[in-house]
1. How large is the dipole of region B:1-158 about the Cα centre if only Lys and Arg carry +1 and Asp and Glu carry -1, each at its Cβ, rounded to the nearest 20 debye?
2. Taking the Cα centre of the protein assembly as shown as the origin, how large is its charge dipole in debye, to the nearest 20, when only Lys and Arg (+1) and Asp and Glu (-1) carry charge on their Cβ atoms?
3. What number comes out for the charge environment of A:Met237, summing +1 per Lys or Arg and -1 per Asp or Glu over other residues with Cβ under 15 Å away?
4. Quick one: among B:Leu103, B:Leu116, B:Leu188, which has the greatest mean-square fluctuation in a GNM of chain B with alpha-carbon springs under 10 angstrom?
5. Quick one: net charge of B:Val89's neighbours, Cβ under 12 Å, K/R +1, D/E -1?
6. How much net charge surrounds A:Gln169 when only the other residues with a Cβ under 12 Å from the Cβ of A:Gln169 are counted, with Lys and Arg +1 and Asp and Glu -1?
7. Order these by the 10 Å Cβ neighbour count, fewest first: B:Tyr95, A:Tyr149.
8. Springs between alpha-carbon atoms under 10 Å, Gaussian network over chain A: tell me which of A:Asn144, A:Asn207, A:Asn158 tops the mean-square fluctuations.
Amino acid sequence: MLAKYRDFRIPALVGTMVLVSVLFALWEAAAQSGRVDTFFFSSPSLIGNDIVKMWDKGDISKHVTITIREAFWGLIYGGLLGTICAFAFGASKKLTNILLPLMVGFNGLPKLALGPLLIFWFGIGIESKVVMSAVMVFFIFLFNIYAGYCNVDATLVNAVKMMGGDKWQILRKVTWPSCMPWFLVSLRTGLGMAIMGAIVGEYIGANKGLGWMIQDAGGTYNITRVLSCIFLLIVVMASLDYFVKYLEKKILRWRPAMEQ
Amino acid sequence: MAKVFNIKSKPDERAIKLALKNISVSFLSTNGHRVLAVNDISLDVREKEFVALIGPSGCGKSTLLNVMAGLVTPESGQVLIDGEETQGVSRKIGYMSQIDSLLPWATVIDNVALGLEIRKVPKKKRLAMAAELITRTGLAGFEYSYPHELSGGMKKRVTITRVLAIDPEILFMDEPFGPLDAFTKEMLQDDILRIWDETKKTVVYVTHDLGEAITLADRVVLISSRPGEVKAEYEINLPRPRNVMDIKFDHSFVDIERTIWMDLKEEVVKAKEGQEYVSKIS
């Protein structure tokens, strides 16, 4: 290869898009030639038209916003509660010994099983989805950040103690920043969980949201609509993840760059 | 010959800054045995004195330093600073540990200002103080670097600067330059000598490097192998100001080193046998 081109790299995003386009083209070709039944598998052009139609009718903004709002509040409540609990566990050995086995037990429970209860307690409105989402997010934050708390470098704690730092200063100067990477990992995983919680909540009982749309379309064998919703979900997830990744890069500047 | 160094030439009239009275420390090993780490150590450190604690590894010298610093509570005995018994950590003390203890998420200037921040010095003032110290210790230009971007020697220099920022009366250093290469070590030792000459702080310096102890200290205290006891003390009457490169070739330096080394060797051998014994029974 010419030396001039050796350093030329295709950006990863372009690579992803090329791959997706190729797959879509194959799918479309198969659908057009009749080798694939569009009733069962739909086709990219049908999905594209459907998305445009939903956009025009205002379905996208309405339902996607609802789902994102549910996931957002779920993430906030679950994340906040999980973080606070993780720090409480870190600070008190006694509390950990009593509550941690319970938490592990609850985490092992499929959250889906809570669905009917949550609908019963919080209704079919946004609240039950927020709670479902929060429950799923809570455990991720709890376990991750608790692990981070247990990994705080005692040398740093001692250094701050030796300078006369009190408990609050140790928390602010050492414990919190060293839990930061764990917090960001939780945020990234939690984001997916929050959306999942919202969708699952909508499956069980709702009258709006992406999850409800998927459920509703599935019930009427509208495969194109199901796939459009899935496509929208993927786009939402990928862009949110991208944002958190960017945040991570900004916040964790102090860490040596990871070797590939 | 050894006795010459063991006898104090004249009574010291400087006030006692730090006193250890019959300190004993023991801890439980992982297999449940009670291990006596420090056995009945008494030691006086005078104002503006530079004392080096030396001994074989595992002799409890770091434990002893942690007791002085208030990080470890002794089983028995007292620690007195300026004649008063201390409880926990004292604000008169600056402590530099063996392991790197810079906050990895804070820049050099924030690390240096950390102690001041904890003491609630207003932000503007503490940053100005930190910036001035950074220039004085030759770290100018690295104010906004993160620790991982610095070399081992520079990190140590930042750590020293951070301790100096809080202007402690007593400075504890626990094998601060252990893992560094010889050349960097000598440069930092020169820094320490210069800083000590300028500030005349009371220093307790733990090391297992005999040459380093003699180069820096007024007095070398030899701690025996476990359980740690004071085996001997040696006055180092080499003239000051000292220079790390030149002092090594001084005749009396070599004499002192030989004398202490004879005693130290005994303890190192004992410590090694002890370790073998421990590995046999466990």
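Values in this text are rule-based calculations from the coordinates and carry no lab data. Nothing here was measured: the structure is a model prediction, and the numbers come from that model. When we count neighbours, we look across all protein chains shown, and the Cβ atoms used for this are built from the backbone with ideal geometry, even at glycine.
1. Numbers: 22 positive and 16 negative charges, 72 e Å.
Roughly 340 debye, rounded to the nearest 20.
2. Working: 62 positive and 56 negative charges, 235 e Å.
The calculated dipole for the protein assembly as shown is roughly 1120 debye.
3. Working: positive: A:Arg188, A:Lys245; negative: A:Glu70, A:Asp241.
My count for the surroundings of A:Met237 gives 0.
4. Per the Cα network of chain B with a 10 Å cutoff, B:Leu103 tops the list.
5. Working: positive: A:Lys161, B:Arg91, B:Lys92; negative: A:Asp166.
Net charge around B:Val89: +2.
6. Net charge in that neighbourhood comes out at +4.
7. Values: B:Tyr95 25, A:Tyr149 20.
Result, fewest neighbours first: A:Tyr149, B:Tyr95.
8. Of A:Asn144, A:Asn207, A:Asn158, the most mobile in the Gaussian network model is A:Asn158.
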